[in-house]
């Protein structure tokens, strides 16, 4: 089994999203599961716009923007499942996630890629406090994405931490929660293997 871990945080230095995925990577590795960890700040992701809808109307059905979006979708599709960490900014998942999602139409002209990606179970760790839109962000993900697996809301305020401290994985209770999250994902994978 191969798992793709993706951090959508906009931070230059590792914060909660990246550190949570690093910890999840350690848990997976200890269970003999291969994983890849991608920090989306390392990739160029343009939002839709300033175009003539080439992805929908041209014979080639390709986006006019040159960035890493097609590469990222192909990378996810080459794995068996994905775990994405999203920060909550202004009561919603971060804009990098929305840009990545809206650009799917530019790569899904390739039906083989679409079918492969749509079969991948996408699991989410949303990092944001409930009073700052954490639950709203979870609800948006369930509307936007297909084939959603496990979802987890991690709230720094529950642990007496500042949202920007980047220290959630220093808390043993958070690590235990992440252990159970990974276990639930892996158990679900065993109970319903992809065809």
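The values are calculated or read from the model by the stated rules, or taken from the named source; none is laboratory data. Model, not experiment: these values are computed from the prediction. All Cβ positions, glycine included, derive from the backbone under ideal geometry; neighbour counts span all protein chains shown.
The table below gives the values:
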| item | result |
| --- | --- |
| Hits in segment 24-34 - residues which are closer than 22 Å to residue 161 by Cβ and either part of a strand (DSSP E or B) or in contact with a helix residue (DSSP H, G or I) (Cβ under 9 Å, 6 or more places away or on another chain) (or both) | 24, 27 |
| Meets criteria (surrounded by fewer than 15 Cβ atoms within 10 Å (Cβ to Cβ), more than 16 Å from residue 145 (Cβ to Cβ) and at pLDDT below 95) for residue 10 | yes |
| Selection count, segment 52-70, where residues are surrounded by fewer than 14 Cβ atoms within 10 Å (Cβ to Cβ), part of a loop (DSSP other than H, G, I, E, B) and in contact with a helix residue (DSSP H, G or I) (Cβ under 7 Å, 6 or more places away or on another chain) | 1 |
| Residue ID - nearest to residue 148 (Cα to Cα), chosen from residues in segment 71-81 that are surrounded by 16 or more Cβ atoms within 10 Å (Cβ to Cβ) and in contact with a helix residue (DSSP H, G or I) (Cβ under 9 Å, 6 or more places away or on another chain) | 81 |
| Matching entry among 37, 21 (being assigned to a helix (DSSP H, G or I), modelled with pLDDT of 80 or more and within 19 Å of residue 77 (Cα to Cα)) | 21 |
| Count of segment 147-165 residues which are over 18 Å from the mean Cα position of the chain (by Cα), surrounded by 17 or more Cβ atoms within 10 Å (Cβ to Cβ) and at pLDDT 90 or above | 2 |
| Some residue of segment 36-48 being within 16 Å of the chain's Cα centre (by Cα), surrounded by 13 or more Cβ atoms within 10 Å (Cβ to Cβ) and farther than 19 Å from residue 98 by Cβ | yes |
| Contacts under 7 angstrom Cβ, first residue in segment 5-25 being in contact (Cβ under 8 Å) with a residue 24 or more places away in the chain, partner part of a loop (DSSP other than H, G, I, E, B) and crowded, with 24+ Cβ neighbours inside 10 Å, 6 or more apart | 15/9; 17/8; 17/9; 18/9 |
